[in-house]
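Notes follow the structure.
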Amino acid sequence: MSDLFEDESPKTSNAPEFSVSELSGAVKAMIEGEFGYVRVRAEVGRVSRPRSGHLYFDLKDEKAVINAVSWKGQVARMEVQPEEGMEVIATGRMTTFPGGSRYQIIVDNVEPAGAGALMAMLEKRKKALAAEGLFDAARKKPLPWLPEVIGVVTSPSGAVIRDILHRLSDRFPRHVLIWPVAVQGQKSAAEVAAGIRGFNALPADGAIPRPDLIIVARGGGSVEDLWGFNEEIVVRAAADSAIPLISAVGHETDTTLIDLASDKRAPTPTAAAELAVPVRRELWVTIQELRARMERALNGGVELRRQRLRDLSRALPQKDRLLDGPRQRVDQIDLRLTQALINGVRNRRLALSEAATVLRPSILQGRMAAQKDRLSTLSLRLAPALARGAGQHRRDLDRLSARLSPATVSRTTVQARRDLTQLTDRFERAAQGQTHRWRAALDQRAGMLSALSYQETLKRGYAVVRDAEGGVVTSSKDAARMHEVQFADGRVQIGGGVASKPAKAKPKNEPGSGGGPAQGSLF
């Protein structure tokens, strides 16, 4: 029996043994071989974006979840980034992650599907409108600081309009116009666009006041609920609005295309009311503080200037005393000016008389004789110089004639004769020009001599008193030696002498007549 029991003992299995790594590698090879390239339609679950730049997310449906990963380079090439809740079609290859004993898909590309397709359409529309410049910052208009009338485009029955009115009443009550629209559904986009254009179409002075500011508001919701505010008709109406527009659609995390086209985006409808008007109480307090500061500054400035004026007025002298000094200075200057004029005339008259006595004819005649002698000397030197030059050229010609042919000598002789003739003519013209210039200078000096001679002075009404020897009497001390008086047209002897040429009678107003003292008379 014991042998039977020993025969029935379990024997070693023929199945091969694998290590964990070998088994994981085999599974990896099988999965990658069977599912080398797959397309998976699923909803995006958890999304993780570490600092490495890789993207980790889940692809799920109602029954299963597959881990997905996209490396940094693949993420950069994706046109649409997966986000949680999107329905997508992921393209990639299956593989395993041995470190976690799980399989996963390495995604190369993600395409929207379902709700994801809606987001793709939104992204495409956003790019097209941005290319037209509807979202440019340069198009955005500044909001009015305190609008008189505010137009609100929203549903009249929702909590949004009550929040806006309540916030405006708390901060700064304003006149509010409501344009009722559907904020969800197929009619939403057309009605919102019509409300924006309707407010802009109101005349400025009509029965219904034209708003200074427009608020487009709606509460939060899903992408489908807010889709009306992504329609092109709404975006274009917001961009074309001449009235500044605030968009307050959804919650702070919701973003629609009207937010990009509006002049200002508010995270909530209540925040839109806060952006529209300031706080009246704060303005009133600020105004009171500024008024008090202005009054203190004005009063202080006036009082400071009043005190300064009083101080300066005490330091000023009496008005009569202010003029005493200037009056005295004017009188002194008047006396000095009169005496200075008299002295100036007397000094200039004496200077003129002294200058007339220095200009003697003998000096001028001596200078003229010297110039004539110089001119004669230069004229005498010119002819020998010309002769020496001609002789030198002739000697040079004779020296070269032995080495030249007759024809060359003839041509050279003709040319040299022509040059000699031209040079002689130039010398003659130069001598004549120099002679003319010297003669003109001599004539000019002769004219100056004639103009400065005492004969010209006599023609202006002066006279020269001479003694018996012909000398000039220049002082009253020598009056006893006066013998003859010379005028411009003749001489008269004193003491019964006969004039060499009778002098004409002078008018009373001319110098030397009986109407007054003789101007320039030397006696």
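The values are calculated or read from the model by the stated rules, or taken from the named source; none is laboratory data. Only a predicted model underlies this, so the values are computations on that prediction, with no experimental measurement involved. A quick note on method: Cβ atoms are made from the backbone with ideal geometry, for glycine too, and the neighbour counts reach across all protein chains shown. Calculation scope for accessible area: heavy atoms of the full protein, side chains included, ligands and nucleic acids excluded. Shrake-Rupley method; radii C 1.70, N 1.55, O 1.52, S 1.80 Å.
Which value, in Å³ per residue, describes the convex hull spanned by the Cα atoms of region 166-225?
On the way: hull volume 6.1 nm³, N = 60.
About 102 Å³ per residue, rounded to a whole number.
Between Rg and the Kirkwood Rh of region 14-57, both from Cα atoms, what is the Rg to Rh ratio? Kindly include the intermediate steps, with their values, before the conclusion.
Details: Rg = 16.4 Å, Rh = 13.9 Å.
Reported Rg/Rh (Cα atoms, Kirkwood Rh): 1.17.
To the nearest ten degrees, helix 361-401 and the longest principal axis of the Cα atoms of the chain are 70 degrees apart.
Could you work out what % of the accessible surface of region 45-86 is carbon and sulfur, using a 1.4 angstrom probe and leaving DNA, RNA and ligands out of the count? If you can, show how the numbers build up before the last one.
Working: 1320 of 2770 Å².
Percent of accessible area from carbon and sulfur atoms in region 45-86: 48.
Measuring with a 1.4 angstrom probe and ignoring ligands and nucleic acids, E303 comes out at about 90 Å² accessible.
Antiparallel as a % of all DSSP beta bridges within the chain, to the nearest 5? Taking every DSSP beta bridge with both residues in the chain, the antiparallel ones total about 65 percent. Sorted into 10 angstrom bins from 0, the C-alpha pair distances of region 410-454 split as 25, 25, 20, 15, 10, 5, 1 percent.
Based on the reciprocal of the average 1/r between different C-alpha atoms, the Kirkwood radius for region 204-289 equals 14.2 Å. For region 59-98 versus region 447-487, the inter-centroid distance based on Cα atoms is 134 Å. Normalised per residue, the accessible area of region 179-293 is 46 Å², obtained with a 1.4 Å probe and no contribution from ligands, DNA or RNA. Inverting the pair-averaged 1/r between distinct Cα atoms of region 97-226 gives 18.4 Å as its Kirkwood hydrodynamic radius. Length gained on full extension, Y37 to K63, computed as 0.36 nm times the residue gap minus the Cα-Cα distance: 7.1 nm. Its alpha carbons considered, region 159-264 gives a radius of gyration followed by a Dmax of 13.5, 41 Å.
Projected label points at L283 and D331, each 7 Å from Cα along the beta carbon direction, are separated by 7.3 nanometres. Here region 214-228 and region 230-282 have alpha carbon centers that stand 11 Å from each other.
Once the Cβ-Cβ distance between R426 and D478 is put in as r, and R0 is 56 Å, what FRET efficiency do you end up with, to the nearest 0.05?
Efficiency for this residue pair is about 0.40.
Averaging Cα coordinates gives a centre for region 113-190 and one for region 335-375; these two points are 104 Å apart.
Over all projection directions, the Cα-based convex hull of the chain averages an area of 93.8 nm². Angle of helix 188-201 to the longest C-alpha principal axis of the chain, folded into 0 to 90 degrees and rounded to 10: 30°. Remark: accessible surface ordering of W145, W179 (largest first) is W145, W179, probe radius 1.4 Å.
Assuming R0 = 35 Å, can you tell me the calculated FRET efficiency for the pair K28 and K127, based on Cβ-Cβ distance, to the nearest 0.05?
Numbers: r = 40 Å, r/R0 = 1.16.
Approximately 0.30, to the nearest 0.05.
Entry for region 195-237 at q = 0.23 Å⁻¹: log10 I(q)/I(0) = -0.85, Debye formula applied to identical alpha-carbon scatterers, no solvent contribution. Backbone geometry of region 91-96 corresponds, through the Karplus equation with coefficients 6.51, -1.76 and 1.60 at θ = phi - 60°, to 3J(HN,Hα) couplings of 10, x, 10, 7, 7, 10 Hz, x marking Gly and Pro.
Hydrodynamic analysis of region 229-273 uses the Kirkwood radius over alpha carbon pairs. Inserted into Stokes-Einstein at 25 °C and 0.890 mPa s, it gives a translational diffusion coefficient of 237 µm²/s. In region 317-464, the C-alpha radius of gyration followed by the widest Cα-Cα span (Dmax) gives 34.2, 115 angstrom. Counting every pair of alpha carbons in region 51-132, the share spaced more than 18 Å apart comes to 48 percent.
Measuring only protein heavy atoms, the 1.4 Å probe finds H393 accessible over about 100 Å². What's the angle, to the nearest 10 degrees (0 to 90), between helix 280-315's Cα axis and the longest principal axis of the chain? The helix 280-315 is inclined about 20 degrees to the chain. Sorting the segments 474-486, 250-262 by their mean number of nearby beta carbons within 10 angstrom, highest to lowest, gives 250-262, 474-486.
Residues whose amide H falls under 5 Å from that of V249, counting only those 5 or more places apart or on a different chain, are R218, A266, with hydrogens built in the peptide plane. The listed residues K372, K140, K319 rank as K319, K372, K140 when sorted by accessible area, largest first, using a 1.4 Å probe. The calculated P(r) of region 269-383, using every Cα pair and 10 Å bins from 0, goes 9, 11, 10, 10, 9, 9, 8, 8, 8, 7, 6, 3, 0 in percent. Within the accessible area of region 264-381, the carbon and sulfur atoms contribute 58%, probe 1.4 Å, all protein chains present.
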